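Accompanying notes for the structure given below.
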Amino acid sequence: MNGLVTLEIPVSELIQFITTGLSANDVPPPIVPRTSGGGLPLDFPVEVVTNQNAPYTGNAIAVPSGTTRITWSTYGISVSDIALQGSLDGVHFANIDTMSAFGAQTVVSGTCFLRVVITTGTGVSVTITAKREKL
Amino acid sequence: MTIGINLELPLLVIDGVANSAGYESAHYALPSRTTTLTWQTFFGSAPASCTFKLWGSLDVVNFAVIDTSTAVAGELKTVNINLGFIYVELDAVSGGTTFSVLIVPKDI
C-alpha cells in the first residue's frame, strides 16, 4: 500500500463535472411522458399529451394539493383550437384556458384535476407544470 | 345552518338540484387559513341562460357577491378571498334540468 486510491470515472462524466460542477446524478431529469392519467408532481414539467391528432380528449390528471398556478405549453405540427380543462371531481370538466396556436401560458386555478382537449390540431404534444404560489 | 368545510377537499355544496331561480346552498364556514376558493358549476343538461352568484361574509349575517358565473356549459373559477363564510345562489336560470356546484378552499 502506497496510500494512493484509483477511481474509475468515465471521461464524459469527468468533463461534465469539470465544466458544470455537476455529477451525472445531479443533472435534472428530462420531461417525463405521462399520458395515461395519474397525478402530477409540483414544479416539475410532465408531458401529458404526446403527438396526438384532433379530436382528442386526454385522461383526467390529478394535481398536487395546494396547486394554484398551472403552466402549460404546446408544441408539434399544427394546432388552432386546444383547451386545458379543470375539474373538482374528475368527472365534470370546464375550460380554464385555451390556445389557438402553439405556445406557453400560465393560468391561475385551484383545480383538482386537469385534462387536455384538442379540437383542431395534428401531432400535438402538451407539457404541464403545476405550481403552488401565492396568488 | 352553517356547515364547516375542509381545506383542499372539494365539496358538493349543491348536488343535482332541479333548476330553480333563487335557490341557495347552505352557508359554509371556511377554514381559517383559506385564501383562495375554487368553485365549479355543472348541469344535468345545459340551460339557455343562468347566473350563479358566490356570496361571502365575515360575520355570517352580512353577505356580498364575490364572484359570478354565467357560463351555460359549466365553469371553473378561482377567487382570492379572506372571508369566513360563503354560500352559492342560482340567481337566475332559463331551461336546463339540474345543477350542481363544487367548491374547494386552499391556503396558499
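Here are a few things to note about the model shown:
- Filter result (within 14 Å of chain B (Cβ to nearest Cβ), crowded, with 19+ Cβ neighbours inside 10 Å and assigned to a strand (DSSP E or B)) within segment A:109-135: A:F113, A:L114, A:R115, A:A130
- In this structure, A:T120 does not qualify as touching a residue at least 40 places away in the same chain (Cβ under 8 Å), over 13 Å from the mean Cα position of the chain (by Cα) and closer than 21 Å to B:L7 by Cα.
- Against the criterion of being at pLDDT below 90, surrounded by 14 or more Cβ atoms within 10 Å (Cβ to Cβ), more than 14 Å from chain B (Cβ to nearest Cβ) and in a loop (DSSP other than H, G, I, E, B), A:F102 does not qualify.
- Any hit, segment B:52-59, residues being touching a Leu at 6+ places or on another chain (Cβ under 7 Å) and of a type in the set (F, W, Y): yes
- Residue match in segment B:50-60 (condition: modelled with pLDDT under 90, away from chain A (no Cβ under 14 Å), surrounded by fewer than 21 Cβ atoms within 10 Å (Cβ to Cβ) and within 28 Å of A:A62 (Cα to Cα)): no
The values are calculated or read from the model by the stated rules, or taken from the named source; none is laboratory data. For clarity, every value in this text was computed on a predicted model and none was experimentally measured. Glycine gets a Cβ as well: all are built from the backbone with ideal geometry, and neighbour counts include every protein chain shown.
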